[in-house]
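Asker: Pasting a structure here, questions to come.
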């Protein structure tokens, strides 16, 4: 089958379009004909060797895809041939066929197309796990989200708004402000030109925020760590800026706040029934139009390297999708 292959953990230059053997579903897996696959920052980190997982080489990148079920494992009861589904796995999506555990897949509503469906699981399950399960965001609480114009960041903005939170979105350039507003942010801070700490103090009357979700890392994380109010929650969720920060522990001590880690991939593995229920709920909300994934652009499978390059340059808003069929 046709697929994008990564031959070495050396980044974009190690990608090529080629042929590889079709995968075969295990007893608890399904296989789909891939129609569309979304591209995430996690995909980029993995091809660079910067992610905690390193698949055997050569491997097919791609965590999220959508298509039609063509085979199911002997123990699978949730799906059957012909179902329209979103499929998630650690890799394998940038190909004509993909396998994934049934517990990590979700049926796509009839009025949601494959391009949109391919963008949902990784981004929105991460946001859902962070805000619903881990920090239990309450109506009326104020949440600050960094990297808010990316796929996971925008999903966090939407889920926080859905839960009744007051959302402050922090973005890396003025050009990304509008998409955050359109997704439900009440206020937007451009951290490339504004003083985040002073702006948040002004917006919150000096009190800071109840929840801080950081997708960027580096000095921005440390700024956020100083803006959490009493009994708040600080959520390190990603390091798109490239620097994994250290936290002076006097900060959570003095304000009695919690540092709450979020690794959605481990959650879906260790608690598959809970994750599957959440995925079905999220897909229903997408079908109802209450969650609206933002598609930056749609490229062909042959343009996978271009998609990765845009991610590396942090020039996208929402998700890039590869059209496979």
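Asker: Restricting to the range 77-94, what's the tally of residues that are touching a strand residue (DSSP E or B) at 6+ places or on another chain (Cβ under 6 Å) and assigned to a loop (DSSP other than H, G, I, E, B)?
Answerer: Within the range 77-94, residues that are touching a strand residue (DSSP E or B) at 6+ places or on another chain (Cβ under 6 Å) and assigned to a loop (DSSP other than H, G, I, E, B) number 8.
Asker: Given the conditions (1) closer than 14 Å to residue 262 by Cα; (2) within 16 Å of the chain's Cα centre (by Cα); (3) modelled with pLDDT of 95 or more, which single one is not true for residue 152?
Answerer: Status for residue 152: all satisfied but (3).
Asker: Taking residue 51 as the residue in question, decide whether it is assigned by TED's automatic domain parsing to the domain that holds residue 113, within 19 Å of the chain's Cα centre (by Cα) and not in a loop (DSSP other than H, G, I, E, B).
Answerer: On the way: assigned by TED's automatic domain parsing to the domain that holds residue 113: yes; within 19 Å of the chain's Cα centre (by Cα): yes; not in a loop (DSSP other than H, G, I, E, B): no.
When the stated conditions are applied, residue 51 does not pass them.
Asker: How about the range 95-202: which helices (runs of 4 or more DSSP H) wholly inside it have at least 3 residues that are under 22 Å from residue 225 (Cα atoms)? Let's see the steps before the verdict.
Answerer: Values: elements: 114-117, 121-128, 151-162, 177-182.
It comes to 121-128, 151-162.
Asker: Ok, one more. Do you know which of the residues in the range 44-72 that are more than 26 Å from residue 83 (Cα to Cα) and in contact with a helix residue (DSSP H, G or I) (Cβ under 7 Å, 6 or more places away or on another chain) is surrounded by the most Cβ atoms within 10 Å (Cβ to Cβ)? Full working, then the answer.
Answerer: Kept after step one, since they are more than 26 Å from residue 83 (Cα to Cα), are these residues of the range 44-72: 44-59.
With in contact with a helix residue (DSSP H, G or I) (Cβ under 7 Å, 6 or more places away or on another chain) added as a condition, the list becomes 44, 47, 51, 53.
Values: 44: 21, 47: 25, 51: 17, 53: 10.
Across the range 44-72, the extreme among qualifying residues is 47.
Asker: Would you say residue 146 is buried (at least 20 other Cβ atoms within 10 Å of the Cβ), touching a helix residue (DSSP H, G or I) at 6+ places or on another chain (Cβ under 6 Å) and farther than 14 Å from residue 279 by Cα? Give the steps one after another, and end with the answer.
Answerer: Numbers: buried (at least 20 other Cβ atoms within 10 Å of the Cβ): yes; touching a helix residue (DSSP H, G or I) at 6+ places or on another chain (Cβ under 6 Å): yes; farther than 14 Å from residue 279 by Cα: yes.
Taking the combined requirement at face value, the residue satisfies it.
The values are calculated or read from the model by the stated rules, or taken from the named source; none is laboratory data. Owing to the predicted nature of the structure, the values given are computational and were not obtained by experimental measurement. Positions of Cβ are backbone-derived with ideal geometry, glycine not excepted, and every protein chain shown enters the neighbour counts.
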